[in-house]
1. List every residue whose amide H lies under 5 Å from the amide H of GLU49, counting only residues 5 or more places away in sequence or on a different chain, with H placed 1.01 Å from N in the peptide plane.
2. Once you have a ≥ b ≥ c as the square roots of the Cα gyration tensor eigenvalues for the range 18-80, tell me rounded if a/c is under 1.5, and otherwise prolate or oblate according to whether a/b is larger than b/c.
3. Just to be sure I understand the model, the point goes 7 Å from the Cα along the line to the Cβ. What's the resulting THR24 to ASN9 distance in nm?
4. Work out from phi, with θ = phi - 60° and the Karplus expression 6.51 cos²θ - 1.76 cosθ + 1.60, the ³J(HN,Hα) of each residue of the range 67-76, listed in order in whole Hz, and give x for Gly and Pro.
Amino acid sequence: MTIKRGESNRCPVCGGRLKPGRATIPFLLPHTVVLIKDVPAEICSDCHEPYVVGIVTDRVTELLGSVHNLQAEVLILSYSIPRPVPALAIPVRV
Ligand SMILES: [Zn+2]
């Protein structure tokens, strides 16, 4: 689930208090289950549901986009792996 910055720090599911932490979150793609470790999240102290903010969702979407062509049934990624450098952005010196 996603929360926006500035919203109340109460869990929408159970009303528990949210605390910042790191979570391992599963994502179900059509042919692949992707586990992303160490995702920064607000985690409910009562039901342990993790909530991620928008900028984290963007990064997770990018990670999922980078693996969707792989022929794997289960993938385990770390949120903090370095961002891949797009080939077109590498300066070419002659
Ligand atoms: Zn909760």
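What follows draws every value from the coordinates through simple rules; no lab data is involved. Remember, predicted model here, so these are calculated numbers, not experimental data. Cβ: placed from backbone, ideal geometry, glycine included. Neighbour counts: every protein chain shown.
1. Those lying under 5 Å, H to H, from GLU49 are CYS44.
2. prolate
3. If labels sit at THR24 and ASN9, their model points lie 2.6 nm apart.
4. Result, rounded to whole Hz: 10, 5, 8, 6, 8, 9, 8, 9, 10, 10.
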